[in-house]
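In what follows, a single structure is set out as C-alpha cells and then discussed.
The values are calculated or read from the model by the stated rules, or taken from the named source; none is laboratory data. Predicted model only: the values in this text are computed from it and were never measured. In this analysis, Cβ positions are derived from the backbone assuming ideal geometry, glycine residues included, and neighbour counts consider all displayed protein chains.
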Amino acid sequence: MDQRLSLIFARRSIRLYTSEPVGEAEVHALLEAGMAAPSARNARPWHFVVVRERERLRQLGGDA
C-alpha cells in the first residue's frame, strides 16, 4: 500500500494529553505543516491560534 495511504489509515484521535508544554520548535513545525496544506485556488482560508495559558484555553471552551 502507498505509504501516504498507510499514514492516513493509521491516524488516531488523541483525547488524553500530558501537562508537558509543547516546545516552540514543535509549534513552529506544526504551523508550517498546516500552512503548507493545499486549499482550493490557494485561498488558504484558515487561521491558527496558539494558546499556551490553561485559563485562556478554559475561557475559549477547551478542557485544559
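Given the criterion surrounded by 10 or more Cβ atoms within 10 Å (Cβ to Cβ) and modelled with pLDDT under 90, identify the matching residue among 29, 64, 10. Spell out how you get there, then give the answer.
On the way: 29 fails: modelled with pLDDT under 90; 10 fails: surrounded by 10 or more Cβ atoms within 10 Å (Cβ to Cβ).
That would be 64, the only listed residue that is surrounded by 10 or more Cβ atoms within 10 Å (Cβ to Cβ) and modelled with pLDDT under 90.
Only one of (1) at pLDDT 90 or above; (2) assigned to a helix (DSSP H, G or I); (3) loosely packed, with under 10 Cβ neighbours inside 10 Å fails for residue 4. Which number is that? So residue 4 meets the others, but not (1). Taken over segment 32-61, the residue count meeting the criterion of being surrounded by fewer than 10 Cβ atoms within 10 Å (Cβ to Cβ), outside any loop (DSSP other than H, G, I, E, B) and not polar (S, T, N, Q) is 5.
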